[in-house]
1. Considering only residues that are part of a helix (DSSP H, G or I) and surrounded by fewer than 17 Cβ atoms within 10 Å (Cβ to Cβ), which ones fall in the stretch 21-31?
2. Do we have L159 as in contact with a Lys or Arg (Cβ under 7 Å, 6 or more places away or on another chain) and within 16 Å of Q68 (Cβ to Cβ) here?
3. Report every pair of residues separated by at least 6 positions or lying on different chains whose Cβ atoms are under 7 Å apart, first residue within the stretch 1-22 and among the aromatic types (F, W, Y), second part of a helix (DSSP H, G or I).
4. I need the full set of residues from the stretch 63-112 which are touching a helix residue (DSSP H, G or I) at 6+ places or on another chain (Cβ under 6 Å), touching a residue at least 40 places away in the same chain (Cβ under 8 Å), assigned to a helix (DSSP H, G or I) and surrounded by 23 or more Cβ atoms within 10 Å (Cβ to Cβ), in order please.
5. Taking the stretch 32-62 only, how many residues are open to solvent by 10 Å² or more (accessible area, probe 1.4 Å) and assigned to a loop (DSSP other than H, G, I, E, B)?
6. Looking only at the stretch 113-155, count how many residues are without any contact (Cβ under 8 Å) to a residue 12 or more places away in the chain, surrounded by 15 or more Cβ atoms within 10 Å (Cβ to Cβ) and assigned to a helix (DSSP H, G or I).
7. Select from the stretch 120-152 the residues that are over 16 Å from R95 (Cα atoms) and in contact with an Asp or Glu (Cβ under 9 Å, 6 or more places away or on another chain) and list them in ascending order.
Amino acid sequence: MSNSRETRRAAYVSKACAEFEALAERGVYMSGNAAASVVLLKGELTAADATQLFSGPDGVALRAALEQLGYAPQSWGGLASCTVGGIPLNPAILREALCAFDPDTIIVCDEASAQVFREAYADELTALPDITQAMLDRGVVALLLGMRVLNLGGFEASLSDKASKLKMWHALKQLPALGEPF
């Protein structure tokens, strides 16, 4: 029994490694856990992001917020909606990258990433009954293809203003950890 389980596990790990390596070869910039339940999507990269995505103050703050909401420290993955050079990803590649992560929750951190996300999921967004969800408005949680999606629309900029930071926290509180599926 255990041999079959180990063989199956090895096949899953091999498949995931191949998917993420293929994405990286096409310029997709990622960090964090490949099996994350939350993906942080960012389109406005900073100097800190050049070293590692979400290694700056925004990443520290988002990881702390996720822990406060009940997520495990390793339950996040980071994905840039652009290349390291700042060129927006092709919408099909963004969809492929998000499918590789297969998250329960996507947190869209800025307007640049929100725009690429809207393009990638235009058909699905337009099918939503609520216009605020369909437009991926800031602070509104949309349920899309079984994933919760929240557009923060400027998280990093909000860190310098106490009132804006509080608004971001209130938006993030809509995404508590989902817990185990059993």
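1. Of the stretch 21-31, the ones part of a helix (DSSP H, G or I) are 21-25.
Within the stretch 21-31, E21, A22, A24, E25 meet the criteria.
2. Working: in contact with a Lys or Arg (Cβ under 7 Å, 6 or more places away or on another chain): yes; within 16 Å of Q68 (Cβ to Cβ): yes.
Taking the combined requirement at face value, the residue satisfies it.
3. Going by the 7 Å Cβ cut-off, the qualifying pairs are F20/A100.
4. Scanning the stretch 63-112 gives a single hit, A97.
5. 10
6. 2
7. Result: I131, R138, V140, A142, N151, L152.
The values are calculated or read from the model by the stated rules, or taken from the named source; none is laboratory data. It should be emphasised that the depicted structure is a prediction, and the values quoted were computed from it without experimental measurement. Note that we place each Cβ from the backbone using ideal geometry, even for glycine, and neighbour counts take in every protein chain shown. What goes into the accessible areas is simple: the full protein's heavy atoms, side chains included, and nothing from ligands, DNA or RNA. Shrake-Rupley method; radii C 1.70, N 1.55, O 1.52, S 1.80 Å.
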